[in-house]
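Student: Quick one: the structure is below, and I'll ask about it shortly.
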Amino acid sequence: MEKEKVLLQGVAGSYSHIFAKSLGYTQIDFVSTFSEVIQKIEKGEYEYGILPIENTTAGEVRETYDLLDKSKVYYVAIGDIKINHCLLGAKGSKISDIKKVSSHPQALMQCDIFLQEKGYQIYNEFNTAIASKKLAEEEDKSHAVIASRLAGEIYGLEVLKENIQNVENNYTKFVLLTNSLDKVKDNKIISLALELKDKPNALGELLNIFTEYHINLTRIQSRNIPNTCFKIRFYIDFEGNINDEKINELLIKISVKCLQLKVRGVY
């Protein structure tokens, strides 16, 4: 039985597309922006969508973080894809022909050592696969893109060089999004986003609650809240099932310490 249709940003051949295929999705639709993915899931036009959230080289995908913080969607699965960035050229081109390279800013950042050594002119695109599609249409042999081998196969591009990323072990983490946690019956990790009240030892008091309930934290991270004067939002992942009565008691106790608290996902 085929899985439900899933919505991605970009076009066929993106790394999100590779992740969707790894989850078994065969019905895949695309939109132009990350925010469109969120909006269509919020409205119930699609039950599931996929966005990248973090990379081992370039760090967090800020746009995804910001959208998740202000939206009413949740992630119900997380997975990693090993990134093999390829330098792709138009049909018939050679690496000696290349003068300029375009791709998503994250991909360019992950390959900046190679790009600087070659001295290419660099241009940003919305998506690695979109860059590939445009190049296939332009057929400019002086222009290359950074994208997946899958994108090269789909759009008939030449693989000029593989594995051009700065580090060999380069992974991107993706999240599977939906607009409700009602269907979640079993999970091992709960992910929170929260803002603490402005008082001494607020974080210490919060962490003591997890200790009181013998809960194991698997991640704690902080980042500045956009458009504020260095106010902090914390992201905490911990072991637990969202349907457990003990976990619900914990969340109530935590909420008293917070200005804002949101369950971001369970997986």
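Student: Using amide H atoms built 1.01 Å from N in the peptide plane, name the residues 5+ places from TYR171, or on other chains, whose amide H lies under 5 Å from its own.
Tutor: Counting only residues 5 or more places away or on other chains, the set is THR56, THR57, ILE83.
Student: For ILE225 and GLU63, calculate 0.36 nm times their separation in residues minus their Cα-Cα distance, and state this gained length in nm to one decimal. Write down the numbers at each step before the final one.
Tutor: Values: separation 162, 0.36 × 162 = 58.32 nm, distance 1.24 nm.
Additional length available on full extension: 57.1 nm.
Student: Tell me the label-point distance for the pair ILE95, LYS70, using the 7 Å Cα-to-Cβ offset, in nm and rounded to one decimal.
Tutor: About 4.3 nm, to one decimal.
Student: For region 242-252, what does the Karplus curve 6.51 cos²θ - 1.76 cosθ + 1.60, with θ = phi - 60°, yield as ³J(HN,Hα) per residue in whole Hz, taken in order and with x for Gly and Pro?
Tutor: With the stated coefficients, region 242-252 comes to 4, 8, 7, 4, 4, 5, 5, 4, 4, 5, 5 Hz.
Student: The list (i) 33, 29, 16; (ii) 52, 24, 17; (iii) 39, 21, 15 gives values of semi-axes √(5λ) of the Cα gyration tensor in Å, and only one came from this structure; which label was calculated from it?
Tutor: Label (iii) holds the value from this structure.
Student: While we're on this one: To the nearest 20 debye, what charge dipole does the chain have about its Cα centre, counting +1 at the Cβ of each Lys and Arg and -1 at the Cβ of each Asp and Glu?
Tutor: Charge dipole of the chain: 280 debye, to the nearest 20.
Student: By how many nm would the segment from GLU139 to GLU168 lengthen if fully extended, with 0.36 nm per residue of separation less the alpha-carbon distance?
Tutor: Difference between extended and current length: 7.4 nm.
Student: Step through the residues of region 222-234 one at a time and calculate ³J(HN,Hα) from phi using the Karplus curve (6.51 cos²θ - 1.76 cosθ + 1.60, θ = phi - 60°), rounding each to whole Hz and writing x for Gly and Pro.
Tutor: My calculation for region 222-234 gives 10, 8, 5, 6, x, 6, 10, 8, 6, 6, 10, 10, 9 Hz in order.
Student: So if each residue of separation counts as 0.36 nm, and I subtract the Cα-Cα distance between HIS214 and ASP80, what length gain in nm does that give?
Tutor: Contour length minus Cα-Cα distance gives 45.4 nm.
Student: Ok, one more. Rounded to the nearest 5, what is the percent of antiparallel bridges among the DSSP beta bridges in region 1-147?
Tutor: Values: 6 of 20 bridges.
Expressed as a percentage, antiparallel bridges in region 1-147 total about 30.
Student: Could you work out the relative contact order of the chain, using alpha carbon pairs under 8 angstrom and six or more residues apart, expressed as a whole percent?
Tutor: Working: 568 pairs, mean separation 59.4, N = 267.
After rounding, I find 22 percent.
Student: Angle check, please: helix 128-138 long axis (alpha carbons) against the longest principal axis of the chain (alpha carbons), in degrees 0 to 90, nearest 10.
Tutor: Long axis of 128-138 versus the principal axis of the chain: about 20 degrees.
Student: Follow-up. Distance between the C-alpha centers of region 77-118 and region 129-159? Whole Å please.
Tutor: 10
Student: Further, regarding this structure: Express the relative contact order of region 107-160 as a whole percentage, based on alpha carbon pairs under 8 Å and six or more residues apart in sequence.
Tutor: 32
Student: Going through region 27-83, which trypsin sites (Lys or Arg not before Pro) have at most 13 other Cβ atoms within 10 Å and a DSSP loop state?
Tutor: Within region 27-83, the qualifying trypsin sites (Lys or Arg not before Pro) (loop, at most 13 other Cβ atoms within 10 Å) are LYS43, LYS72.
Student: Where in the chain lies the longest segment free of GluC sites (Glu not before Pro) that are both loop residues by DSSP (not H, G, I, E, B) and have at most 14 other Cβ atoms within 10 Å?
Tutor: Result for the longest clean stretch: 169-267.
Student: Which FRET efficiency value, to the nearest 0.05, is calculated for ILE122 and SER32 with the Förster distance at 25 angstrom and r the Cβ-Cβ distance?
Tutor: 0.70
Student: In nm, to one decimal, how far is the modelled label at LEU207 from the one at GLU249, with both set 7 Å along Cα→Cβ?
Tutor: 2.4
Student: Counting only protein heavy atoms, what percent of the accessible surface of region 183-267 is carbon or sulfur at a 1.4 Å probe?
Tutor: Values: 2650 of 4980 Å².
After summing per-atom areas, the C and S share lands at 53 percent.
The values are calculated or read from the model by the stated rules, or taken from the named source; none is laboratory data. Because the structure is predicted, anything quoted here is derived from the model rather than measured. Positions of Cβ are generated from backbone atoms using ideal geometry, with glycine treated the same way; all protein chains shown enter the neighbour counts. Ligands, DNA and RNA are stripped out before the accessible areas are found, and what is left, the full protein with its side chains, is counted by its heavy atoms. Shrake-Rupley method; radii C 1.70, N 1.55, O 1.52, S 1.80 Å.
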